[in-house]
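Read the structure below first, then the notes.
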Amino acid sequence: MVTLSDTPDRSLVDLLAVLRREPIDPSDPHAVLHDLQVHQIELELQNRELRAAQQALEESRDRYADLYDFAPVAYATLNRQGQITQMNLTAARLLGVQRGQASELLLTVRLPPGDGLALLASLARVLTTQRGQTIEVTLGRPPLQRRDLRLVIQCENPHPRGAPPTACRVILLDITEVKRAQACVLDQQHFLQCVIDGIVDPIVVTGVDHRVLLMNTAARESVGMPKAAADGGGEGPDDRCPAREVLASGAAVKVIQRREGAAGQTRWVERIGAPLHGPAGALLGVTVSARDITEHVELSEQLRAREQQLEHLVTHDCLTGLPNRALFTDRLGQAMRQARRDQRQMAVLFLDLDRFKSINDRLGHPIGDQVLKRAAQRMRALVRESDTVARLGGDEFAIVLGVVAHGDDAGVVADKLIAAFRLPFAVDGQSLTATLSIGIGIYPQDGDDADILERNADAAMYRAKGQGRDTVCFYTEDVASGIPT
């Protein structure tokens with residue numbers, strides 16, 4: 001016999017609809033039986049809905065229990081005394097207990113005394129203020145293995161009718177590996193700091209926002225390191241900032257800056273900025289190092305000065321400071337090339353001090369040297385800055401007049417020299433006179449080659465000496481035959 005409990009839902013619903021459509025006469029004795037059947041079907045359908053809801057609730061509760069128990073995060077409920085009233089399987093494994101022992105476990109006994117007191121204080125504050133708190137504690141006492149925990153404590157929902165809360169929900173996060181990683185990072189940072197502190201040059205590492213990330217002892221103590229280097233700035237409007245240039249270009253830069261030391265002395269600082277890249281190649285910041293290169297700069301300047309002195313000695317006469325024959329030959333060549341390009345004339349003057357040998361023999365070489373120096377100064381004062389006055393040796397001098405409009409212009413200069421040297425020289429309280437004999441060669445008519453032009457000017461000078469000295473002679477074709485021997 002088929003009962004209502006065996007009948008499918010759809011059939012019961014259809015049967016109920018049919019019974020409700022049937023016309024029933026209240027006076028009919030079967031009306032009571034009809035109503036009873038309708039109520040039985042309605043009650044059966046309601047019972048089925050209730051059982052379905054109860055089953056769904058149980059399934060939901062089981063799913064929640066599974067999620068709670070097997071969640072990767074440890075959860076527990078603690079009362080004010082730190083006693084665990086409930087926990088999931090993850091928390092039980094973390095604490096090393098059976099979950100059934102939760103009601104017997106005081107979490108505080110598994111913590112160092114200081115951490116246990118801190119936990120009780122936090123529980124009390126959360127239950128009083130109903131505001132969550134986070135604390136870090138160490139789980140396990142010797143000889144048990146120690147674990148680092150972060151406890152996130154929240155107040156459990158209060159009881160009905162406004163009763164105060166009596167328990168806290170706690171999330172137990174195992175941060176042991178995080179702590180180890182942090183300690184490893186700190187060790188690496190300490191090692192890196194020790195390494196850069198061992199470097200005598202100041203080093204500063206800044207981020208892309210110019211915030212200081214790292215600095216060695218030398219950078220903190222060095223007076224040669226600009227203070228603004230720590231924030232990537234310069235010390236003045238003319239300073240180049242390596243950090244800004246590196247951030248703008250992405251390439252390493254080197255700048256040399258002049259600084260005033262504490263005692264007012266000049267110091268030179270070389271600052272090198274280099275980009276700091278991350279593992280993916282992104283620019284993380286800038287490393288700026290500084291080095292006091294004052295000694296190097298001073299040595300370089302001394303070396304340059306010494307090189308200039310040596311070059312001057314090679315190309316100049318030691319006594320008068322005038323260009324020597326080698327430099328005279330070079331200047332003459334330059335002047336001839338320039339005159340050739342411009343299609344202009346230039347002139348060479350060979351000069352000889354008349355009767356200088358008698359001054360040397362009679363008064364001695366020191367007096368003769370003074371006469372030569374004063375003669376060089378007088379010649380230099382009577383020509384243009386662009387012209388060259390050289391001492392070829394002994395009492396022989398030469399002048400290169402770079403550009404002359406006409407050959408007579410060289411004669412004008414020579415006449416000024418003749419007139420000037422007729423005036424005596426005052427040497428050691430003595431008045432000494434040494435006139436000039438001057439020979440002139442004009443480019444290009446007297447020679448388009450330096451050797452020829454020199455030889456012809458020299459021949460003209462000897463002609464001037466042969467004509468009685470204290471005079472000027474231009475080169476002509478018949479001059480060479482009159483050179484005295």
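List nothing, just return the count: lysine pairs in the chain, 8 or more apart or interchain, with Cα separation under 27 Å.
Numbers: K227/K254; K357/K373; K357/K416; K357/K465; K373/K416; K373/K465; K416/K465.
Close lysine pairs under the 27 Å cut-off: 7.
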| field | Local net charge near A91, Cβ-Cβ under 13 Å (Lys/Arg +1, Asp/Glu -1) | value | +3
| said: How would the range 302-400 be classified by its alpha-carbon gyration tensor: rounded, prolate or oblate, with rounded meaning a/c under 1.5 and the a/b versus b/c comparison settling the rest? | reply: oblate
| request: Using semi-axes √(5λ) of the Cα gyration tensor in Å as the read-out, say which of [x] 118, 33, 16; [y] 49, 34, 19; [z] 37, 28, 20 was calculated from these coordinates. | output: [x]
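Tell me the net charge near Q130. Cut-off is 14 Å between Cβ atoms, Q130 excluded, with +1 for each Lys or Arg and -1 for each Asp or Glu.
On the way: positive: R80, R125, R131, R169; negative: E156.
Here the count lands on +3.
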| field | Mean Cβ neighbour count within 10 Å, used as a protection proxy, ranking 301-307, 34-40, 453-459 highest first | value | 453-459, 34-40, 301-307
| said: Cβ neighbours within 10 Å, averaged per peptide: list 391-398, 8-15 in order, most packed at the top. | reply: 391-398, 8-15
| query | Where does the charge balance sit around C318 when Lys and Arg score +1, Asp and Glu -1, over other residues with C-beta under 15 Å from its C-beta? | reply | 0
| note | Classified through the alpha carbon gyration tensor (a ≥ b ≥ c as square roots of its eigenvalues; rounded if a/c is under 1.5, else prolate when a/b is larger than b/c, else oblate), the range 404-451 comes out prolate
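None of the figures in this text is laboratory data; all of them are computed from the coordinates on show. Please read these numbers as outputs of a predicted model, since none were measured by experiment. All Cβ positions, even for glycine, are placed from backbone atoms using ideal geometry, and neighbour counts span all protein chains on display.
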